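Student: I have a structure here, written as structure tokens, and I will follow up with some questions on it.
The values are calculated or read from the model by the stated rules, or taken from the named source; none is laboratory data. Keep in mind the model is a prediction, meaning the values are calculated, not measured. Glycine gets a Cβ as well: all are built from the backbone with ideal geometry, and neighbour counts include every protein chain shown. Note: accessible area is taken over every heavy atom of the protein model, side chains too, but ligands, DNA and RNA are not part of it. Shrake-Rupley method; radii C 1.70, N 1.55, O 1.52, S 1.80 Å.
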Amino acid sequence: MILAPSLLAADFGNLQQSIEMVNASAADWFHIDIMDGVFVPNISYGMPVLSVIQKHATKPLDVHLMIIDPDRYISTFAKLGSDILTVHYEACTHLHRTVQAIKSEGMKAGVALNPHTPVSVLEDIICDIDVVLIMSVNPGFGGQSFIENTYKKVYQAKTLIQQAGALALIEVDGGVTLKNAPTLLEAGAKALVAGSFVFNAPNPTETIASMKLLA
Ligand code: DX5
Ligand code: ZN
């Protein structure tokens with residue numbers, strides 16, 4: 001399994017320290033949540049903070065854009081070292097074009113689905129994308145509780161990918177803990193994002209290690 005701690009839950013006053021903790025841990029990716037206050041009712045951080053993250057991080061940057069009209073910033077996020085750039089299905093009028101633009105900048109392309117968006121909307125694009133990001137909370141905030149319907153959606157995504165002979169990886173984001181992670185992995189998830197469960201733990205490094213032991 002791939003574990004991607006979400007820096008949204010890190011202590012921004014000691015960001016470098018949190019990044020170095022993840023560098024030295026068993027985690028695989030940095031999950032970076034970019035929010036615009038329009039697509040979601042919250043604003044997180046933007047380019048200057050991402051450039052600090054890029055400077056210190058030694059693992060791939062998994063950037064999750066919760067912004068409208070993401071096409072405007074694709075090349076900026078490529079320059080800022082994003083390895084995976086995920087856009088929301090709900091925020092893209094011409095999703096296929098957006099996905100091609102992400103790939104042409106040399107990044108892996110992800111598409112995120114809100115809890116109310118059915119997996120079937122990806123039927124005609126599943127072979128073109130690298131990551132399906134299934135939101136297990138309504139995007140905008142860390143620390144929310146996991147929506148149980150997610151298990152079913154992960155399984156549906158797995159089936160869609162298999163039937164199409166596609167290679168996309170399934171990632172789950174929101175309210176992930178050691179309690180729901182095993183069932184998510186069983187249902188077909190490969191990458192799990194964990195924010196508060198990691199950073200609010202008494203020992204984040206150990207929490208990462210115990211999640212990584214799941215698979
Ligand atoms: C929510 C973000 C998540 C969030 C996860 O909008 O996309 O990545 O940081 O945080 P937890 O794990 O606390 O739900
Ligand atoms: Zn996220």
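Student: Considering each residue of segment 60-82, count those that are in contact with a Phe, Trp or Tyr (Cβ under 6 Å, 6 or more places away or on another chain) and open to solvent by 40 Å² or more (accessible area, probe 1.4 Å), and give that number.
Tutor: Selection size over segment 60-82: 2.
Student: Okay, moving on. Would you confirm whether or not segment 115-126 contains a residue that is closer than 28 Å to G188 by Cβ, part of a loop (DSSP other than H, G, I, E, B), open to solvent by less than 10 Å² (accessible area, probe 1.4 Å) and within 16 Å of ligand 2 (Cβ to nearest atom)?
Tutor: Yes, because at least one residue in segment 115-126 is closer than 28 Å to G188 by Cβ, part of a loop (DSSP other than H, G, I, E, B), open to solvent by less than 10 Å² (accessible area, probe 1.4 Å) and within 16 Å of ligand 2 (Cβ to nearest atom).
Student: Still on this model: Can we say L3 is at negative phi, within 16 Å of ligand 2 (Cβ to nearest atom) and either touching a residue at least 60 places away in the same chain (Cβ under 8 Å) or in a helix (DSSP H, G or I) (or both)?
Tutor: So L3 fits the description; yes.
Student: Could you say which residue among S18, S44 is more than 15 Å from ligand 2 (Cβ to nearest atom), open to solvent by 10 Å² or more (accessible area, probe 1.4 Å) and either hydrophobic (A, V, I, L, M, F, W, C) or more than 14 Å from the chain's Cα centre (by Cα) (or both)?
Tutor: Result of the check over S18, S44: S18.
Student: Follow-up. Residues of segment 6-36 being outside any helix (DSSP H, G or I) and of a type outside the set (A, V, I, L, M), which ones?
Tutor: Passing the criteria: S6, D11, S25, D28, W29, F30, H31, D33, D36.
Student: Given the conditions (1) polar (S, T, N, Q); (2) away from ligand 1 (no atom under 12 Å from the Cβ); (3) within 16 Å of L3 (Cα to Cα); (4) crowded, with 17+ Cβ neighbours inside 10 Å, which single one is not true for S136?
Tutor: (2)
Student: Can I ask one more? From the list L85, L50, exactly one residue is within 15 Å of ligand 2 (Cβ to nearest atom), open to solvent by less than 10 Å² (accessible area, probe 1.4 Å) and part of a helix (DSSP H, G or I). Which is it?
Tutor: L50
Student: Answer yes if at least one residue in segment 196-210 is open to solvent by less than 40 Å² (accessible area, probe 1.4 Å), under 20 Å from V87 (Cβ atoms), modelled with pLDDT of 95 or more and under 16 Å from the mean Cα position of the chain (by Cα), and no otherwise.
Tutor: There is no residue in segment 196-210 that is open to solvent by less than 40 Å² (accessible area, probe 1.4 Å), under 20 Å from V87 (Cβ atoms), modelled with pLDDT of 95 or more and under 16 Å from the mean Cα position of the chain (by Cα).
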